[in-house]
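First up is the structure itself, then whatever we jot down about it.
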Amino acid sequence: MITSMEIRSQHFSKTVRGLKEEEVRNFLAQVAQDYEKMFAENAILREQIQKLEFEISKYRKMEETMNNSLILAQQTAEDLKQNARREAALMLGESKQKIAEMLNIYQDVIKRLNVYSAELKAQLGGQMEMLDKSQKRFEELAGFFYGKDLKEILESLEAVKMEVV
């Protein structure tokens, strides 16, 4: 790339019918000045581009970090959901098992109560039979003690008693 110094120091060979040297120098000076301006602007623009590329790089890194954070958060949320589902399934299974155990215990208790009830009925039946027999015996004895024969015997005994006196 040609520099403004090279433009300014450029010398041309002279010819017989050459151009006016002063006009050429003025033109070259103007071109060199414009070239310096463009070169300075170009340097400024390159610096701005470099800064913007640095900013873009920084924002891309931030975007990548945020995307990674979002992905991590989504994975964490999914893991939490799966863990919660597993825990709920485990709790449900344990609850079902405990309910089944409790029902088995209740069934056992009911069976035992039925056996106890049957035994108690049998004992009470035996007791009732004995009570009925005792009642019949009491009625027989009551019939004996409250019957006519006993009254006559008692009257006879009273009569005998009086005679002894």
- prompt: For the Cα atoms of the chain, what angle does the longest principal axis make with the long axis of helix 21-146, in degrees from 0 to 90, nearest 10?
  reply: 0 degrees
Value at 222 nm in deg cm²/dmol, rounded to 500, when DSSP H runs of n ≥ 4 in the chain each add -39,500 (n - 2.57): -34000 deg cm²/dmol
query: Relative to the Cα centre, what is the charge dipole magnitude of the chain, using +1 at the beta carbon of each Lys and Arg, -1 at the beta carbon of each Asp and Glu, and rounding to the nearest 20 debye?
result: 960 debye
message: What is the distance in Å between the Cα centroid of the range 38-60 and that of the range 4-23?
response: 37 Å
task: Return the FRET efficiency for the residue pair Lys121, Glu152: r is the Cβ-Cβ distance, R0 is 35 Å, and the value is rounded to the nearest 0.05.
output: 0.15
- prompt: If one takes the longest principal axis of the Cα atoms in the chain, at what angle in degrees, from 0 to 90 and to the nearest 10, does the Cα axis of helix 148-164 lie?
  reply: 50 degrees
query: Residue farthest toward the positive end of the dipole of the range 9-165, with Cβ of Lys/Arg at +1 and Asp/Glu at -1: which of Leu90, Thr15, Ala159?
result: Thr15
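Every number here is computed from the coordinates shown, using simple stated rules; none is lab data. In this text the structure is predicted, and so the values were computed from the model without any measurement. So basically every Cβ, Gly included, is an ideal-geometry build from the backbone, and we count neighbours across all protein chains shown.
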